[in-house]
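Written below as structure tokens is the structure these notes are about.
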Amino acid sequence: MTEHASETFPADAPPPGTYTLDPERTTIRADVKAMFGLLTVHGTFRLRSGQVLIAGDPAASTVQASIEAGSFASGNATRDADVVSAALLDARAYPEITFTGQGARRDGDGWVVPGSVTAHGTAVPAEVRLGDALLEAGGARFRATARLDRTLGDEEEGNGRADGGPGHRGGGPAALGALR
């Protein structure tokens with residue numbers, strides 16, 4: 001009879017515990033296709049808060065992160081105003097974009113945490129991939145990436161826009177975070 005050992009984190013992973021994401025040391029980048037996929041718009045958001053619980057059993061680990069929807073910055077003031085306006089993110093009515101995930105599973109050299117991203121009042125499934133972890137004094141640094149399909153959760157058919165508005169497919173945020 002063969003026993004299957006439960007999956008465990010590697011020895012170089014941060015030890016089990018609760019870690020706070022540090023907004024000052026976190027970058028959240030969004031790369032979104034626009035203009036019929038001919039142009040990629042690059043922008044950033046600010047992390048409001050976040051927490052990672054690393055459990056002894058990876059399947060019991062959790063991640064929560066809150067992003068300031070109104071903090072979108074691409075270097076183009078007109079575009080930034082459009083993105084946070086009621087026509088797209090509606091940051092006044094929906095000031096947060098959140099990720100909530102539970103369970104971690106090994107994926108190659110990294111880990112995947114399944115969960116959901118909620119933006120503009122709509123939750124869509126998302127998997128955050130974690131990798132490039134580096135232990136530091138008092139915490140760790142890592143890279144987390146997710147790819148989102150912004151057409152998920154659309155209630156109306158035919159609402160896709162060629163200008164990258166609602167219904168346009170695009171890559172989701174990528175974050176380089178620090179735990180402390």
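Taking label points 7 Å from Cα along the Cα-to-Cβ direction, GLN64 and ASP22 give a separation of 2.2 nm. When each of the peptides 88-99, 14-25 is scored by how many other beta carbons lie within 10 Å of its residues on average, the order from highest to lowest is 88-99, 14-25. Computed from point charges on the beta carbon alone (+1 for Lys and Arg, -1 for Asp and Glu), the dipole magnitude for the range 58-106 about its Cα centre is near 320 Debye.
We did not get these values from a lab; they are worked out from the coordinates using the rules stated. Remember, predicted model here, so these are calculated numbers, not experimental data. Don't worry about glycine lacking a Cβ; one is built from the backbone with ideal geometry, like all the others, and counts go over all protein chains shown.
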